[in-house]
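**Q** Input: one structure, supplied below.
Nothing in this text is a laboratory measurement; each read-out follows from the coordinates by a stated rule. Just so we're clear, the structure is a prediction, and the values are computed from it rather than from any experiment.
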Amino acid sequence: MIVIDSSVWIDYFNNKETRETQHLDDLLSRQRLLIGDLIMYEVLQGFRSDRDYRVVKTELDKFQFAVMGGYDIAFASAQNYRKLGRSGITPRKTIDVLIATFCIKRKHRLLHSDRDFDLLQKHLSLAVV
């Protein structure tokens, strides 16, 4: 399963052409994609227009949905955050550690355009697209 990070969705819904949004465009027609609650929150929080909010929510509702938190993920994320800290790395966004840990534990790959995930890939073995 492939998880699409909010960094890609936001660019996609803003019609920004990047390597990742082009890859998402390709995946939409041939791959099952997963949207997590944390990612949905990050994407939807930025819409000022109620109309745009509703349109995007309707689009995101088409994908398989997963709760990305819970006890196991929270506990494993805290361990991962501490592991990174021992390596001298302080993630800028805690939510990215939660998303990465969810993907690692569930053996999902992540499509992203957020440099923070590069460190998580290197130090936590996050599988990326």
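**Q** Can you spot the lysines whose alpha carbon is less than 20 Å from K93's alpha carbon? Ignore those fewer than 8 places along the same chain.
**A** K83, K105, K122
**Q** Binned at 5 Å from 0, what are the whole-percent values of the Cα-Cα distance distribution for segment 2-124, short to long?
**A** For segment 2-124, the pair-distance distribution reads 2, 10, 22, 22, 20, 13, 8, 3, 0, 0.
**Q** Here is a follow-up. Tell me what the chain gives for mean residue ellipticity at 222 nm when only DSSP H runs of n ≥ 4 count, each as -39,500 (n - 2.57), the sum divided by the residue total, rounded to 500 deg cm²/dmol. List each step's numbers first, then the result.
**A** On the way: 7 runs with 76 residues, N = 129.
My calculation for the chain gives -18000 deg cm²/dmol from helical runs alone.
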